[in-house]
Amino acid sequence: MNASGNLVALHTIVRREIMRIMRIWTQTLIPPAITMTLYFVIFGKLIGSRIGTIEGGFTYMQYIVPGLVMMSIITNSYGNISSSFFGAKFSRAVEEMLVSPMPNWVILLGYVTGAVARGVAVGALVLVIALFFTHLQVVHPLITFASVLLGATIFSLAGFVNAVYAKKFDDIALVPTFVLTPLTYLGGVFYSVNMLSEPWQSISRVNPILYMVNAFRFGVLGVSDVQIGVAFGVMLLFVVGLSAIALHLLKRGIGLRS
């Protein structure tokens, strides 16, 4: 396919994914917003009022908002692509794309873009809700945007890999339940890792979500538990590595061709 053909194919996949998100918005956008509102009420207001200020002199509510926003972004990016691509694989639509002249990178980029769009939309919605509970002022807008984009991309790619290997719908839920959720809660969303004793502090620093949360927190509040350069280095490494794995799986047709 030529460049114009690739653009048409990419636009078609992205449009289909976004239309899918909007068609079932009561499932894709509203539930995470309600969940995060409960987090704000329970952790931010009820528990936060007893904790007082935390790292950098911020209120506990202000401190956890970036972590909760990033948590909603990565979980929804992951969930969108894993369910959407597995559904396409289940209906044999993926096989049709693989035998078409469409390059593999167009297929991957289309699904990832759709997943990132949902993650960013949910993140923006959660951030708006957070403003009803506390005051925030974005300190570094470019870092904030870059960390959101990279974080959503990483877990979109991870969800894609999960969907490729999944053989039934139950396999889609295994990773979020036993991997994603523990990593999220141990990723500095609700606390500073500097508050942990060893060996938990060292263990937390091998958690990739820690770097995503802290990069976003640095962009919003200007404070971070890790060096911002290291955080972006880790995120870029995951983007490159997961992209290579996903493209390899598409090229080989592993789990996709019957």
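The values are calculated or read from the model by the stated rules, or taken from the named source; none is laboratory data. Quick caveat: nothing in here was measured; it's all calculated off a predicted structure. No Cβ is skipped: glycine too gets one built from the backbone with ideal geometry, and neighbour counts run over all protein chains shown. These accessible areas exclude ligands, DNA and RNA; they are computed on the full protein's heavy atoms, side chains included. Shrake-Rupley method; radii C 1.70, N 1.55, O 1.52, S 1.80 Å.
Things worth noting here:
- Only residues that are outside any loop (DSSP other than H, G, I, E, B) and more than 14 Å from the chain's Cα centre (by Cα) were counted across region 186-210, and they come to 8.
- For region 31-61, the candidate set comprises residues that are touching a strand residue (DSSP E or B) at 6+ places or on another chain (Cβ under 7 Å) and not β-branched (Val, Ile, Thr); within that set, the residue that is modelled with the highest pLDDT is Tyr60.
- Checking Ser82 against (1) more than 30 Å from Ala130 (Cα to Cα); (2) part of a helix (DSSP H, G or I), the condition it does not meet: (1)
- Which listed residue, of Gly114, Gly119, is over 18 Å from Met212 (Cβ atoms), among the small types (Gly, Ala, Ser) and crowded, with 24+ Cβ neighbours inside 10 Å: Gly114
- Residue in region 145-154 that is within 25 Å of Lys45 (Cβ to Cβ), open to solvent by 70 Å² or more (accessible area, probe 1.4 Å) and either among the charged types (D, E, K, R) or in contact (Cβ under 8 Å) with a residue 12 or more places away in the chain (or both) present: no
- Residue within region 211-225 that is in contact with a Phe, Trp or Tyr (Cβ under 6 Å, 6 or more places away or on another chain), more than 29 Å from Gly110 (Cα to Cα) and either modelled with pLDDT of 95 or more or in a loop (DSSP other than H, G, I, E, B) (or both) present: yes
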